[in-house]
Structures are given as C-alpha cells and as structure tokens.
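Shown next, in structure tokens, is the structure this report addresses.
Bear in mind that the values in this text are calculations on the coordinates, not laboratory data. Computed from a prediction, not measured in an experiment: that's the story for all the values here. No Cβ is skipped: glycine too gets one built from the backbone with ideal geometry, and neighbour counts run over all protein chains shown.
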Amino acid sequence: MSETMRSGENVIREAAHAGEKPMREARRMAAETTSAMAGAAEGAAEMIRNNGEAVAERLQEAGALWSELAQDAMRQNVETAQNLMRCRTLADFMEVQSNWMRRSLDNFLGRGARLSELSARLAIDAMTRMSRIEERRAR
C-alpha cells in the first residue's frame, strides 16, 4: 500500500474518531431533552387530571345551585300567581307583588353569594395546584 493511501486512511480514521465525541454529546443532550419533556408532559397531565376533577365538582355544584334557583323561582311564581288571583283590592295586589319581588331578590342574592364563593374556591384551588406542580417541576 502506498504512503498516500495510508495517510488517507489515517485521516479518515481520525475524522471518524473526532466525529464520535460530538455524536455522543448530541445523544446525551437528546436524552436529557427527552427526559425533561417527559417530566413536563407528566406534570401537565397531572395538573389537568387534578384540576379536571376539581372543575367537574365545582361545575356540578354550580349546576345544582342554578337548578335550585330555577325551581324556587318557578314555585314562587306559581304561588304568586295564585295569590294574585285571590286579591280583592289594589292594596292586596301591591302587597303580593312586593312580597314576590322581595322573596325573588333574596333567593337570587343568597344563591349568588354561594355561586361567588364557589367561583372563588375554584380559582384558588386551580392556582394552588398549579403552583404545587411548578414547585415539584423546579426541584
């Protein structure tokens, strides 16, 4: 074999060895990135699962409150209609109407306060869970 061919083979071998180090580094970085992405995906899935359950519970509770409000309003409207039919004077009519307005407003405001508390709890729960997940991810 000629000297030129031997030096060409040596150059190829050296180039191959020189290329191994960057390839190992690239593989290591790819593995670290994959691991970090898997951890982030796991954290996101946990957040969705935990918040999904909390959101579902709170939405179910809110739906029950709105249902109660509608049922009470319907019952009060029927009672008021019956009372209006029994009215003999304008004073009776005004009293029935003012009682209906007062009860309806009290009912709505009472349930509205509960809905506000529920919304606040939902927001606080979600923020608390998100901060816990972020703390775990930062460790």
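According to a simple spin-label model (label point 7 Å from Cα along Cα-to-Cβ), what is the distance in nm between L109 and N83?
Inter-label distance under the simple model: 1.7 nm.
Between E117 and E32, with labels modelled 7 Å along Cα→Cβ, what's the label distance in nm to one decimal, could you check?
The two pseudo-label positions are separated by 5.1 nm.
For a Förster distance of 30 Å, can you work out the FRET efficiency between the beta-carbons of A62 and A138, rounded to the nearest 0.05?
Plugging the Cβ-Cβ distance into 1/(1 + (r/R0)^6) gives 0.35.
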